[in-house]
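The values are calculated or read from the model by the stated rules, or taken from the named source; none is laboratory data. Predicted model only: the values in this text are computed from it and were never measured. Cβ: placed from backbone, ideal geometry, glycine included. Neighbour counts: every protein chain shown. Heavy atoms of the whole protein, side chains included, go into the accessibility calculation; ligands, DNA and RNA do not. Shrake-Rupley method; radii C 1.70, N 1.55, O 1.52, S 1.80 Å.
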Amino acid sequence: MLTSFDDYPVHQTPLPVAVPVTSDRNAYGRYWFGAADRGGRFMVEAAFGRYANLGVADAHLSISRGGVQDAFHVSGSAPADPAVTSVGPFRLRVVEPMRRLAITVADNETGITADLEWRARVGALEEDHTVMHDGVGRVMVDMCRFLQFGTWAGQVTVDGETTELAHDDVIGVRDRSWGVRPVGQQPQGKPAPGTPNAWLWAPIHFEDSCRTLGYFQRPGGEIWRGDAFVIPVADPVPQIVGHDDVVRAEPLGDRLTFTSGTRRISHAEFDVRMPDGSTETLVLEPLRHIMMKGLGYTSPEWAHGTWKGEGTVGRETWKLDEADPRDPTAQHVHHIVKARIGDREGVGFLEQIIFGPHTQYGFEEILDGAK
């Protein structure tokens, strides 16, 4: 099981790098990338995942433009060498770690291709180590993740129609995570008790800084695992920023408005306590959304880690205004948002997952919509 990385002094266990330290079937390593036109004309998102204990790698690229979302998917064997980040026609290259990356989707039968470059705007920030249990003793999540803000250039082509991306016009966010989290099949055994948590996350670009806040919410509104950071923009851009280089704040709560009959957010206000004790309010106005099943999340057909055959590709297309608001696979959504804190303006993303009777938002059932 030796691979190219074994020639570097990077080992944390007395095993080759390609051998996971855990036998958990849900062991994974994953990249997620988001790109958003500042004016809201389009969104592009991509992902690559490697699931060593399943022997599977998969990748996805999805674009939301006009009233349509198109998604490219591919599944294949996980390369023995974790330095190989390609599957089928999809290739991810780390050109310069934490500064420049590239994604290409070569010609394939889906009619979707891409050639994209990521450029970092701030250094990568390691988030808090996350461990989550399911209530019956099982560890569901044990992962490390870093977050980074940047910009994009290149093009995505769907059926001969090309969308151009330019660094000045297209902001981006990416994360890189690894460890254990639910992959593919649901866990076997005793069902977990309780009702689902909500998840809200907002990474935002401002002129002089990048900001992020995120938290889970229990039904009724209790916040847990909340964090918020202010990352200064510096020249030259560092590869990494430490927690001593950023400002850490505390999410206090939110006021959300939803599109009638749905759980899709149409306006959001988040209060954040700053280190000096003052409170700032982040106001977000969604411009466009993309369904995360186009990246494999909650997808009934292309769930993460699902074996579809060697190099098998697939395509899905949805009319966004025709998505069933009670469809459970359409509840994990990313928005492009215009952002404001006082008189400062920015642009970024808002992620939402809201299942269950969250009475703080007026929801009484698993998937009822706003009145």
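Residue-by-condition table, conditions (1) among the charged types (D, E, K, R); (2) open to solvent by 50 Å² or more (accessible area, probe 1.4 Å); (3) assigned to a strand (DSSP E or B); (4) more than 23 Å from Met1 (Cβ to Cβ):
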residue: Met43; (1), (2), (3), (4): no, no, yes, yes
residue: Phe48; (1), (2), (3), (4): no, no, yes, no
residue: Leu54; (1), (2), (3), (4): no, yes, no, no
residue: His60; (1), (2), (3), (4): no, no, yes, yes
residue: Ile63; (1), (2), (3), (4): no, no, yes, yes
residue: Asp70; (1), (2), (3), (4): yes, no, yes, yes
residue: Ala80; (1), (2), (3), (4): no, yes, no, no
residue: Val94; (1), (2), (3), (4): no, yes, yes, no
residue: Ile103; (1), (2), (3), (4): no, no, yes, yes
Go through the stretch 330-368 and give me each residue that's assigned to a loop (DSSP other than H, G, I, E, B), surrounded by fewer than 19 Cβ atoms within 10 Å (Cβ to Cβ) and in contact with a strand residue (DSSP E or B) (Cβ under 7 Å, 6 or more places away or on another chain).
-> Gly362
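Do we have any residue at all in the stretch 261-283 that's touching a Cys at 6+ places or on another chain (Cβ under 6 Å), in a strand (DSSP E or B), crowded, with 16+ Cβ neighbours inside 10 Å and not hydroxyl-bearing (Ser, Thr, Tyr)?
First, pick out the residues of the stretch 261-283 that are touching a Cys at 6+ places or on another chain (Cβ under 6 Å): none.
Checked the stretch 261-283: no residue is touching a Cys at 6+ places or on another chain (Cβ under 6 Å), in a strand (DSSP E or B), crowded, with 16+ Cβ neighbours inside 10 Å and not hydroxyl-bearing (Ser, Thr, Tyr).
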Within the stretch 105-143, of all residues that are at pLDDT 95 or above and more than 21 Å from Arg174 (Cα to Cα), the one most open to solvent (accessible area, probe 1.4 Å) is Glu109
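Could you please find all residues in the stretch 1-41 being among the charged types (D, E, K, R), modelled with pLDDT under 95 and either open to solvent by 40 Å² or more (accessible area, probe 1.4 Å) or in contact with a strand residue (DSSP E or B) (Cβ under 7 Å, 6 or more places away or on another chain) (or both)? Can you show your working first?
We begin by selecting, within the stretch 1-41, every residue among the charged types (D, E, K, R); these are 6-7, 24-25, 30, 37-38, 41.
Add one more test, that the residue is modelled with pLDDT under 95, and what stays is 6-7, 24-25.
Listed by number, the residues that qualify are Asp7, Asp24, Arg25.
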Just one of the numbered conditions (1) over 21 Å from the mean Cα position of the chain (by Cα); (2) within 29 Å of Pro232 (Cβ to Cβ); (3) open to solvent by 30 Å² or more (accessible area, probe 1.4 Å) is not true of Pro286; which one?
-> (1)
Failed item, numbered, when Gly88 is tested on (1) among the small types (Gly, Ala, Ser); (2) open to solvent by 50 Å² or more (accessible area, probe 1.4 Å); (3) under 30 Å from Gly189 (Cα atoms) = (3)
If you go through the stretch 238-260, how many residues are open to solvent by 60 Å² or more (accessible area, probe 1.4 Å), among the charged types (D, E, K, R) and touching a residue at least 24 places away in the same chain (Cβ under 8 Å)?
-> 3
Got at least one residue in the stretch 223-237 being part of a strand (DSSP E or B), open to solvent by less than 50 Å² (accessible area, probe 1.4 Å), farther than 25 Å from Asp175 by Cα and in contact (Cβ under 8 Å) with a residue 40 or more places away in the chain?
-> no
Which one of these does Phe72 not meet: (1) over 24 Å from Gly172 (Cα atoms); (2) out of contact with any helix residue (DSSP H, G or I) (no Cβ under 7 Å at 6 or more places or on another chain)?
-> (1)
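Mind counting the residues in the stretch 211-222 that are in a strand (DSSP E or B) and either touching a Pro at 6+ places or on another chain (Cβ under 7 Å) or of a type in the set (Gly, Ala, Ser) (or both)? Full working, then the answer.
In the first step, residues of the stretch 211-222 are kept if they are in a strand (DSSP E or B); the result is 211-217.
After this cut, where a residue has to be either touching a Pro at 6+ places or on another chain (Cβ under 7 Å) or of a type in the set (Gly, Ala, Ser) (or both) as well, the list is 212-215.
Selection size over the stretch 211-222: 4.
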Mind checking which residues of the stretch 300-328 are open to solvent by 70 Å² or more (accessible area, probe 1.4 Å) and among the acidic types (Asp, Glu)?
-> Glu301, Glu310, Asp321, Glu322, Asp324
Starting from the stretch 4-23, keep only residues that are within 20 Å of Val180 (Cβ to Cβ) and among the small types (Gly, Ala, Ser), then list their pairs with residues that are open to solvent by less than 100 Å² (accessible area, probe 1.4 Å) and assigned to a loop (DSSP other than H, G, I, E, B) whose Cβ atoms are within a distance under 8 Å, requiring at least 6 positions of separation or different chains.
-> Ala18/Thr3; Ala18/Ala52; Ala18/Ala80; Ala18/Asp81; Ala18/Pro82; Ser23/Asn53
